[in-house]
Amino acid sequence: MTPGAHSFAWEDPTATLAAGGRLSGLEIWRGIAAGELPRPPIGALMDFTLPEVQEGRIVFAADTAPWMLNPIGSVHGGAIATMLDSAVGCAVHTTLPAGVGYTTLELKLNFIRGVRVDDGQLLAEGKVIHRGGTTAIAEGRLTAASDGRLLAHATTTCLILTPR
């Protein structure tokens, strides 16, 4: 392998997917945080950790790394968007009962300032601000863990997928 190359491995997500039929979204995310369920492959790719999980709120943490850089030397907007999309969507998921899913209808993202590889750990916090019967709205904040600087902000609207 080339020095500095990024590689990752993930666990088969089948157990986590199957748990969706018997566990609530909150129970699933608590199980992932505790290492009792495998994290989704995107979590392995981005090396997310879960410092906080509660109903309607979740925090993902990830360290910046050289493999995240774009051609001008800042952390790629796609990495930032992935963190925030995960946080806001999964915050909605924590409010759902067993067997109920969701999908993103809209994601809006504002980049507040450039993110550098030396910014260190990033925190993506998602919070539900409205949960109805068919849709939910959440907002997210990406901050630098070292000093709390706001780096990006997002909002999402999710469709709640009830079983037929």
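Annotations for the structure displayed:
- Note on Rg and Dmax of the Cα atoms in Å: of the candidates [x] 15.8, 50; [y] 21.5, 70; [z] 14.7, 46, the value calculated from this structure sits at [x].
- The chain: most fluctuating residue of ALA81, ALA65, ALA34 per GNM, C-alpha cutoff 10 Å: ALA34
- Highest-MSF residue in the chain out of ASP63, ASP118, ASP85 [GNM, Cα springs under 10 Å]: ASP118
- Dipole axis of the chain (+1 Lys, Arg; -1 Asp, Glu on Cβ), positive-most option in THR162, LEU151, HIS6: THR162
- All C-alpha to C-alpha distances of the range 55-99, sorted into 5 Å bins beginning at zero, yield P(r) values of 5, 20, 23, 17, 13, 10, 7, 4, 1 percent in whole numbers.
- The distance from the alpha carbon centre of the range 87-109 to that of the range 127-147 is 10 Å, rounded to a whole number.
- For the range 14-161, size of Cβ-based charge dipole, Lys and Arg +1, Asp and Glu -1, in debye: 260 debye
- Alpha-carbon radius of gyration plus Dmax, which is the widest Cα pair, for the range 82-132 in Å: 13.5, 41
Since every read-out is calculated from the coordinates, none of them should be taken as a lab result. The structure presented is a predicted model; accordingly, all values stated were derived computationally and were not measured. Don't worry about glycine lacking a Cβ; one is built from the backbone with ideal geometry, like all the others, and counts go over all protein chains shown.
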